[in-house]
Amino acid sequence: MSNNYFSQQDLKQLFPFGDILDLEASGTQSLEAWFLGHNAENLAEFEGLILEAVRDQAFWRRNFYPGDPTQIDEQVKRQPEYIQTIDTLKESYRSLLAFLKKSVPFFSMRYQGHMNWEVTMPAMLGYFAAMLYNPNNVAFEASTATTILEMLVGDDICKMLGYTMPDWAEIERGALRPWGHLTCGGTVANIEAIWSARNLKFYPLALQAVLKNEPEFITAKYIEVPLVTGKSQMLIELDTWSLLNLKGDEILALPTRLQTEYQIEAEAVSQAIAKYSLQNLGIQEFSRRFLANVTHSPVLIVPGTKHYSFAKTTALLGIGSSNIIDVPVDKDARMDAQQLDLILQDCLAKKQPVYTVVAVMGSTEESAVDPLEEILALRSKYRELGLEFTVHGDAAWGGYFASLLREDEPGTVTINPPSKTSYAIAMSKYVTRQFEVLGQADSITVDPHKSGYIPYPAGALCYRNSAMRNLVTFAAPVVFHGGTEPSIGIYGIEGSKPGAAAAAVYLSHKVIRPTKSGYGKIHGHALFSCKKLYARLISMARPKDWFIVVPVPRLPAEINGGDIQKQLGFIRDRIDGKTNEELFADSEAMNFLAELGPDQNILTYAFNFRKPNGFLNTNLALANRLNKAIYDMLSINLGDDIYGYSLIVSTTDFTKADYGEEFIENYKQRLGVGGSPGDTITVLRSTVMNPWLTETAKGSFLNVIEQELRQVVAKALFRDSLLQIFEEFDVNQDGVLEIDEIKTKFQEWGYDDREIENFWKMSDINRDNSISVPEFLNSFSQFVVLSSRGKKS
C-alpha cells in the first residue's frame with residue numbers, strides 16, 4: 001500500500017466485514033431510464049428508491065447498538081413544544097418547497113441557457129443516500145465509505161480521459177500511474193493544476209540548495225539528471241535556466257531516486273526540501289535567494305477563450321495577472337497555434353520561464369476545442385531547444401465527450417435489436433484528433449457536475465503522473481494518521497468536502513458507463529441535436545425576413561474556400577428539412593452533419609436586421625443592441641414569474657482584447673458590420689444538453705424553438721425601431737426627452753398642441769418633466785394607435 005495506492009485486494013483487507021464496490025460492471029443502455037424526465041415520468045421508480053434510502057438509514061441507526069437508550073419516545077412526541085416544533089417544520093418546509101418552484105427549469109427543453117440541465121437519476125439517488133450519512137471526504141476516518149468511492153471514480157475518470165491505468169506489476173517496473181480526485185468545481189481544479197505546475201517548476205531549485213547545504217545529503221550530492229536536450233548533468237552544476245526547464249517526470253522521480261539510489265528516506269527529503277521551498281519561504285524570499293538572475297517573470301499561457309478561474313489562479317498563487325499571456329484565437333475561436341509558436345519563441349529568446357500552456361477542451365462560451373495535437377507538438381519542439389513546460393487540459397466542460405471514443409468494456413450487455421433507434425453522432429474529425437491525444441496532457445480538469453450530469457458540487461482534477469499530487473500535499477495531524485489509511489483530503493486545496501458528491505458520481509458511472517453506450521450515448525444525442533439546431537439557425541432567415549442570424553461556427557465552405565451557397569442549399573434540403581429517420585438513412589448528409597457546427601454542444605450566434613430599404617444594418621452598436629434586447633426577453637429577471645418564459649438562453653460578449661483581431665474582424669464581416677467601429681460583439685448562446693431535443697413524441701422541438709425566436713426577434717426589432725425614434729427626438733443626446741424636443745418632432749409630423757399635451761401626460765409617469773426611454777417605449781406606440789390623426793410624416 002505504498003504511495004497511498006490501494007488495489008482491490010488492499011481494500012478488501014481494510015474491509016474484511018463486507019464486499020467492496022467497484023466500477024467494473026457492464027452498465028446500462030436506456031436513456032429513458034437514466035433521467036427523472038421532463039414530466040417526472042420516472043417518478044414512481046425515483047420515489048420508491050428515495051424512500052428505500054430513508055428506510056435503510058433508519059434500519060442502520062436502529063441496528064447500531066440497539067440497546068442504547070432513546071431520547072425520543074412517544075411521551076416526548078405528545079409534549080406541546082414537540083408538536084409545535086413539528087408543525088413549524090412542516091409549514092416552513094412546505095413554504096420552502098413552494099419557494100423553490102421559482103428556480104430555473106433546467107430540465108425543460110425550453111432551457112438552453114448555461115451549462116446546466118437535468119441530472120441523472122442515479123446521481124441524485126447516490127447523493128441523497130450518502131447525504132444521510134453526512135460523510136466528509138477530508139479524511140478517511142470521517143468518510144470510511146465515500147473515500148473509497150472517490151478513489152474509484154478518480155480512477156474511472158482518468159481512464160475516460162485517456163490516461164492508461166497500469167497494473168501493479170507495470171508500476172513496479174516504472175510505469176507512471178495516473179491519479180484523480182474530486183473538487184468542488186473546475187475553478188478549484190484549475191487552481192490546483194497551476195499550483196502544482198508552479199511548485200514543479202521551482203522544485204529543482206530547492207533540491208539543489210538541499211544538496212549543497214544539507215550534510216545528510218552528501219552521498220547524493222553528485223546525482224545526475226537528464227536535461228530536456230537529451231544530455232545528463234549533475235544537478236548541483238546546473239544554472240538557474242536549466243533547473244527551471246527540467247522535464248516534469250524527471251523532477252517527480254527525484255525523491256524516489258534519492259530513496260532507492262542513496263537510501264535517503266522520503267520523509268527526510270520532504271523535511272529538507274521544505275526549508276528551501278517556495279511554499280515555506282514565500283515568494284519574496286524565494287525569489288531573492290534563487291531567482292535573482294531571472295530577468296523575466298515566469299508566465300502562464302492561455303487561449304483568449306480561457307475561463308476566469310485562471311485570473312483567480314494567478315492572483316492567489318502570487319504569479320500576477322500581468323504574467324498571463326493570452327494567445328489570440330483563430331476564426332473558429334480555437335487557440336491559434338501559430339501565435340503560440342511565436343510566443344514560445346519569444347519566451348525562449350528572452351529566457352522567460354513558462355509554467356504551463358493551457359488547452360481548453362471545450363470553451364464555456366463557444367464549446368471550442370483548442371488544437372491540443374499542435375500544442376503538444378510545439379512542446380516537443382521547444383523541449384529540444386531547452387524550454388520546458390507542462391500542458392494542462394481544461395476540459396471542465398468538454399471532458400465527458402471523451403466517452404464518445406471509449407469502447408464498451410468486455411462483458412457489456414447489449415440488447416439486439418435495440419428497442420429504439422439511437423440518434424447519436426460522432427465528434428468531428430478535428431475534435432476527435434484532439435481528444436485522442438488528451439491522455440498526453442500533464443493534468444486535466446473535468447466537471448462531472450457539467451457534462452457528467454451530476455449534482456453540484458462535483459469537479460475533478462486528474463494527473464498523468466500521480467506524483468504531481470505530492471507537490472500540493474498538506475496533512476493535519478488531527479485528521480490524518482499516516483499511510484495505513486486511504487486518505488484523499490491531504491491533496492489539493494480543499495479541506496472539508498461532501499462525500500455525497502463521490503457517491504453521486506459513483507452510482508451514475510456504475511449505471512451509465514463513461515463509454516460509447518453510456519455517457520457517449522447521451523453526448524452523441526445532445527451533439528446531434530445541437531448540430532441540427534445549427535442547421536436550423538443557419539437556414540432560418542428567409543428572403544423576406546427582416547433579420548439574419550449568423551452562428552459563430554463557420555461552414556466548411558467558409559473554412560476551406562468552397563461554394564457557400566451550395567452548402568447552404570444542401571443543409572436546407574438534406575439536413576434541416578428532414579426527419580431524424582430520413583437523415584440517418586442519408587450517409588452523405590450524416591457525414592457532413594458531423595463536420596458542421598460547434599466542436600461540442602454550446603452554440604453561439606447573433607442576429608442583425610435589415611433597414612426599411614432592405615439593406616443590412618452595418619452598425620455594430622445597433623446589432624449589439626438588438627441582440628441585447630433579444631437576450632433581455634429570453635433571460636430570467638429577478639421577481640419574474642418563471643412560467644412566463646417560453647425559451648431561456650444566455651449571452652456573452654466577444655472582445656478584441658481576449659479573442660484577438662482576426663476572430664473579431666472576421667465575425668464582424670460575416671455579421672454584416674465589418675466596416676463599423678467597435679471591438680466588442682454581443683452574441684446569444686444556446687447550450688444543448690438535452691438528448692431528446694429533436695425526437696419528442698410530437699416531433700422535433702426545433703420548430704418550437706424557431707417559433708419562439710421569431711416572436712422575440714419581431715418584438716426586439718419593433719422595440720429597436722422605437723429606440724431609433726427616441727434617438728431621433730433626443731437632439732441633445734442626454735438620454736431623456738424634454739418638452740421642446742417632443743414639440744419640435746411632433747409638430748413636424750402634423751400633431752397639434754392638444755395631442756402633444758396628451759402624449760406628454762401619458763408618457764411622463766413620474767412627473768419629473770422629462771420622458772425616459774422606458775416611459776417612451778411604454779407610451780409611444782399606444783399613443784399612435786389611439787391618435788385620431790396618426791402619424792403624418
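The values are calculated or read from the model by the stated rules, or taken from the named source; none is laboratory data. Here the structure is a predicted model, which means the values were calculated and not measured. Quick reminder, even Gly has a Cβ in these numbers, built from the backbone with ideal geometry, and neighbours come from all protein chains shown. Accessible surface areas use protein heavy atoms only, side chains included; no ligands, DNA or RNA. Shrake-Rupley method; radii C 1.70, N 1.55, O 1.52, S 1.80 Å.
At a 1.4 Å probe radius, which order do 115, 361 fall into by accessible area, largest first?
Values: 115 30, 361 0 Å².
Heavy-atom accessible area, descending, gives 115, 361.
Shown in residue order for the range 523-537 are the 3J(HN,Hα) couplings computed by the Karplus curve 6.51 cos²θ - 1.76 cosθ + 1.60 at θ = phi - 60°: 6, x, 5, 5, 5, 4, 5, 5, 5, 5, 5, 4, 4, 5, 5 Hz (x for Gly and Pro). Placing +1 on the Cβ of every Lys and Arg and -1 on the Cβ of every Asp and Glu, with no other charges, gives the range 241-281 a dipole of roughly 160 debye about its Cα centre. So what is the relative contact order for the chain, in percent, with contacts set as C-alpha pairs under 8 Å and at least six apart? Relative contact order here is 17 percent. Annotation: amide H of residue 458 within the under-5 Å range of 449, sequence separation 5 or more or interchain, hydrogens built in the peptide plane. Here the range 634-793 carries DSSP beta bridges of which approximately 100% are antiparallel, counting only pairs with both residues inside.
Protein heavy-atom accessible surface, 1.4 Å probe, per residue over the chain: 46 Å². Here's the picture: charge each Lys and Arg Cβ at +1 and each Asp and Glu Cβ at -1 in the chain, and of 567, 203, 555 the one pushed furthest to the positive end of that dipole is 567. How large a share of the accessible area of the chain, in percent, is made up of carbon and sulfur atoms when the probe is 1.4 Å and the other protein chains stay in place? C and S fraction of accessible area: 53 percent. Tell me which label goes with the value of Cα Rg over 2.2 N^0.38 Å computed from the coordinates here: [x] 1.16; [y] 0.99; [z] 1.10. From the options [x] 1.16; [y] 0.99; [z] 1.10, the structure gives [z].
So what's the back-of-envelope 222 nm ellipticity for the chain, counting only DSSP H runs of four-plus at -39500 (n - 2.57) apiece and dividing by all residues, rounded to 500? Could you put the intermediate results ahead of the total?
Numbers: 30 runs with 347 residues, N = 793.
Per the formula, -13500 deg cm²/dmol.
Along the axis of the charge dipole computed for the range 610-658 (Cβ charges of +1 for Lys and Arg, -1 for Asp and Glu, origin at the Cα centre), the listed residues 643, 617, 654 are led at the positive end by 617.
Between the range 47-105 and the range 720-790, the alpha-carbon centres lie 61 Å apart. Here residue 743 is the anchor, and the lysines within straight C-alpha reach of less than 27 Å, apart from those fewer than 8 places off in the same chain, are 611, 761, 791, 792.
Residues in the range 596-602 carry Karplus couplings, in order, of 8, x, x, 5, 10, 10, 10 Hz; the curve used is 6.51 cos²θ - 1.76 cosθ + 1.60 with θ = phi - 60°, and Gly or Pro positions show x. Across the chain, the longest piece that holds none of the chymotrypsin sites (Phe, Trp or Tyr not before Pro) lying in DSSP loops with up to 10 other C-beta atoms within 10 Å covers 309-614.
Would you give the gap between the C-alpha center of the range 186-224 and the C-alpha center of the range 110-169, rounded to a whole Å? The distance from the Cα centre of the range 186-224 to that of the range 110-169 comes to 31 Å. Residue 201: which lysines have alpha carbons under 25 Å from its alpha carbon, excluding same-chain residues fewer than 8 sequence positions away? Cross-link targets: 212, 221, 231, 247, 275, 306, 312, 350, 351, 381. Of interest is the spacing of the C-alpha centroids, which for the range 586-651 and the range 258-326 amounts to 43 Å.
Which percent, to the nearest 5, of DSSP beta bridges fully inside the chain are antiparallel? Write down the numbers at each step before the final one.
Numbers: 35 of 52 bridges.
Close to 65 percent.
Roughly how tilted is helix 661-671, in degrees to the nearest 10 and between 0 and 90, from the longest Cα axis of the chain? Around 30 degrees separate the two axes.
Each Lys and Arg Cβ is given +1 and each Asp and Glu Cβ -1; about its Cα centre, the range 563-639 then shows a dipole of about 640 debye.
Take the Cα of residue 315, step 7 Å toward its Cβ, do the same at residue 71, and the gap between the two points is 4.3 nm.
Compared with the dominant Cα axis of the chain, that is its longest principal axis, helix 372-384 is turned about 50°. Placing +1 on the Cβ of every Lys and Arg and -1 on the Cβ of every Asp and Glu, with nothing else charged, gives the chain a dipole about its Cα centre of roughly 760 debye.
Restricting to the range 259-410, compute how many DSSP beta bridges are antiparallel as a %, nearest 5. Around 15 percent of the beta bridges assigned by DSSP in the range 259-410 are antiparallel ones. Put simply, the amide H of residue 325, placed in the peptide plane, has neighbours under 5 Å in 300, 301, 302, leaving out anything fewer than 5 places away on its chain.
Rounded, prolate or oblate, given the Cα gyration tensor of the range 366-472, with a/c below 1.5 counting as rounded?
On the way: a/c = 2.19, a/b = 1.67, b/c = 1.31.
Because a/c hits 1.5 or more and a/b exceeds b/c, the range 366-472 counts as prolate.
Once backbone amide H atoms are built at 1.01 Å from N, residue 360 has 370, 394 as its partners under 5 Å, excluding neighbours fewer than 5 places away on the same chain.
Phi angles of the range 711-719 translate, via the Karplus equation with coefficients 6.51, -1.76, 1.60 and θ = phi - 60°, into HN-Hα couplings of 5, 5, 4, 4, 5, 5, 5, 5, 4 Hz per residue; Gly and Pro are given as x. Note on the range 46-135: dipole from Cβ charges, positive end direction compared against 117, 72, 92; the farthest Cα belongs to 117.
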